[in-house]
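Structure first, then comments.
The values are calculated or read from the model by the stated rules, or taken from the named source; none is laboratory data. Not measured: the values here are computed from a predicted model. Note that each Cβ is placed from the backbone with ideal geometry, even for glycine, and that neighbours are counted across all protein chains shown.
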Amino acid sequence: MFGTTPSQTVGPYFAIGLPWADGSYAVDPDAPGAIRIGGIVLDRRGDPVPDALIETWGADPDGRFADLHDHGGPSEIAGFRGFARCGYEDGDGSWEIVTLKPGSVPGPDGQEQAPHLAVSVFARGLLGRCITRIYFADEQEANDSDPVLLHVPPERRSTLIAELSGDGSYRFDIRLQGADETVFFAV
Amino acid sequence: MKQEERVIYDPVTDTPINYRREDADAHPPLDFEPYKSSALRHPKQPLIYLPQTITEITGPQLGPASVAAGDNDLTRQHQGDPIGERITVSGRVFDSEGKPLRDTLVEIWQANGAGRYRHRWDRWPAPLDPNFSGAGRCLTDSDGRYRFTTIKPAPYPWGNHHNAWRPAHIHFSLLGRAFAQRLVTQMYFPGDPLLEFDPIFKSVRDPDARERMIGSFSIHATEPNFSLAYEWDIYLRGPGQTPFEEAF
């Protein structure tokens, strides 16, 4: 056993290295079924966090991952990367990624998990990444039986659910601290 | 390291189905008062235990298309040579069982030889270098090895407290092979007198873990009449102990 390398903050200047030209596109934005998900990252005072980096990872609509490894996949959808990263040099706290709406995937003890994305949040001021999940408000039936959501105190579940907007995009704000603090997970 | 420990995963059949849960002091606490900008940003609610499901044990595998030739040489991204001490930084990426991670993306970014980042928000009045952007990337090879040629970054002051200076460091980002292995960290340089005053470095409580963020000078890796060299191995979480899928 070797000790692992500790985490350190991403700092305020990650934008010189980490954002990619197509980084926020887990799939081509013109692909059939592409959806936009975004929101704002907020601190305890409700002020936007301009130097945050958001990454998402999720399955395709068939519940398959763009992973070379043999975990039920790989995704057969051409051009589906499954991974998106959003951060800006001149950020204003907002973020947005494009992906396909994920399908259900297997969960613990043979249960199904509701459609979701895994999310990493990095920022100046965060010495390690914060991990959360995005669920979808228009999947209420699946959400009601999701084993992870059921494990979250009921009064906090709404922080994990993206709301569907009139234009078909999803809104997911991330509150790092304070009232309605987003649920973060230990993985 | 013993030869038999240097096993490389078969990417299809030998992928871990879960990852070891880490000790509380393996990483810095999110709530760390000496690092001032953590105050309004760190979550205060307890983290909720999440079993590692297929979402967490898979991860982006971007492959060679994510890297272009020369992306790992930060000294040749412009017409002229950047100013400063040319160094190579190389090492291997392992999991905590000592198995190399091949084909994993390593991204770096850093200040220039005067301690200035090419970022609009960096107002430290040290000179920008027209021949240095400060970012690079590479994929690890079949031995888990990465290698960058760059300029040694300089320390710089910051506003955390009176007379605060960051020790020289290079930011590293690793995707690993799974969402669970994702790591963003910083590499420091041996013998830097600023380390003991730096709240970010010292946010890691375990002194042994802190040492794992410091590269070592290697005379063997230097290139005569070209560059000095530092070596730094990176360890990501390895497989968990039980072969069974986790549950609540």
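Could you figure out which of (1) in contact with an Asp or Glu (Cβ under 8 Å, 6 or more places away or on another chain); (2) in contact (Cβ under 8 Å) with a residue 60 or more places away in the chain isn't true of residue A:117? Unmet for residue A:117, out of (1) in contact with an Asp or Glu (Cβ under 8 Å, 6 or more places away or on another chain); (2) in contact (Cβ under 8 Å) with a residue 60 or more places away in the chain: (1).
For segment B:85-103, filtering for residues that are hydrophobic (A, V, I, L, M, F, W, C) and over 21 Å from residue B:188 (Cβ atoms) leaves 1.
Could you say whether any residue in segment B:160-170 is touching a Lys or Arg at 6+ places or on another chain (Cβ under 9 Å), within 11 Å of chain A (Cβ to nearest Cβ) and either surrounded by fewer than 23 Cβ atoms within 10 Å (Cβ to Cβ) or within 21 Å of residue B:29 (Cβ to Cβ) (or both)? Yes; the residues of segment B:160-170 include at least one that is touching a Lys or Arg at 6+ places or on another chain (Cβ under 9 Å), within 11 Å of chain A (Cβ to nearest Cβ) and either surrounded by fewer than 23 Cβ atoms within 10 Å (Cβ to Cβ) or within 21 Å of residue B:29 (Cβ to Cβ) (or both). Just a yes or no: is a residue in segment B:32-49 at the interface with chain A (Cβ under 7 Å from one of its Cβ atoms), among the hydrophobic types (A, V, I, L, M, F, W, C), in contact with a helix residue (DSSP H, G or I) (Cβ under 7 Å, 6 or more places away or on another chain) and assigned to a loop (DSSP other than H, G, I, E, B)? Within segment B:32-49 (the criterion being at the interface with chain A (Cβ under 7 Å from one of its Cβ atoms), among the hydrophobic types (A, V, I, L, M, F, W, C), in contact with a helix residue (DSSP H, G or I) (Cβ under 7 Å, 6 or more places away or on another chain) and assigned to a loop (DSSP other than H, G, I, E, B)), the answer is yes, since at least one residue qualifies.
Pairs needed: first member in segment A:76-99, among the basic types (Lys, Arg); second member anywhere, at pLDDT below 95; C-beta distance under 6 Å; at least 6 residues apart or different chains. From residues that are among the basic types (Lys, Arg), the pairs are A:81/A:66; A:85/A:23. Among residues that are on the phi > 0 side of the Ramachandran plot, in contact with a Leu (Cβ under 9 Å, 6 or more places away or on another chain) and at pLDDT 95 or above, residue A:58 is not included.
Let's see how each residue does on (1) more than 25 Å from residue B:104 (Cβ to Cβ); (2) not polar (S, T, N, Q):
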position	(1), (2)
B:156	yes, yes
B:183	no, yes
B:204	no, yes
B:211	no, yes
B:220	no, yes
B:225	yes, no
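Right, residue A:150: farther than 14 Å from residue A:101 by Cα and within 14 Å of the chain's Cα centre (by Cα) or not? When the stated conditions are applied, residue A:150 does not pass them. Against the conditions (1) in contact (Cβ under 8 Å) with a residue 40 or more places away in the chain; (2) of a type in the set (D, E, K, R); (3) surrounded by fewer than 22 Cβ atoms within 10 Å (Cβ to Cβ), residue A:112 satisfies every one except (1). Residue count for segment B:27-60, restricted to those that are out of contact with any Gly (no Cβ under 7 Å at 6 or more places or on another chain), surrounded by fewer than 24 Cβ atoms within 10 Å (Cβ to Cβ) and of a type in the set (A, V, I, L, M, F, W, C): 5. Can you find even one residue in segment A:139-151 that is closer than 30 Å to residue A:15 by Cβ and more than 9 Å from chain B (Cβ to nearest Cβ)? Checked against the condition, which is being closer than 30 Å to residue A:15 by Cβ and more than 9 Å from chain B (Cβ to nearest Cβ), segment A:139-151 yields no hits at all.
Condition check ((1) of a type in the set (A, V, I, L, M, F, W, C); (2) under 21 Å from the mean Cα position of the chain (by Cα); (3) more than 28 Å from residue B:225 (Cα to Cα)) across all residues:
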position	(1), (2), (3)
B:49	no, no, yes
B:82	no, no, no
B:90	no, yes, no
B:102	no, yes, yes
B:110	no, yes, no
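Within the option set A:145, A:75, being at pLDDT 95 or above and surrounded by fewer than 24 Cβ atoms within 10 Å (Cβ to Cβ) holds for one residue only, A:145.
The single condition among (1) touching a residue at least 24 places away in the same chain (Cβ under 8 Å); (2) within 13 Å of the chain's Cα centre (by Cα); (3) in a strand (DSSP E or B) that residue B:176 does not satisfy is (3). Note on segment A:1-23: among residues that are among the hydrophobic types (A, V, I, L, M, F, W, C) and touching a residue at least 24 places away in the same chain (Cβ under 8 Å), the one that is farthest from residue B:184 (Cα to Cα) is A:20. Tallying residues that are modelled with pLDDT of 95 or more and either of a type in the set (Lys, Arg) or part of a helix (DSSP H, G or I) (or both) within segment A:151-187 yields 9.
Of the residues B:183, B:236, which is touching a helix residue (DSSP H, G or I) at 6+ places or on another chain (Cβ under 9 Å) and either crowded, with 19+ Cβ neighbours inside 10 Å or under 30 Å from residue B:37 (Cα atoms) (or both)? Steps first, answer last, please.
Details: B:183 fails: touching a helix residue (DSSP H, G or I) at 6+ places or on another chain (Cβ under 9 Å).
Being touching a helix residue (DSSP H, G or I) at 6+ places or on another chain (Cβ under 9 Å) and either crowded, with 19+ Cβ neighbours inside 10 Å or under 30 Å from residue B:37 (Cα atoms) (or both) holds for just one of B:183, B:236, which is B:236.
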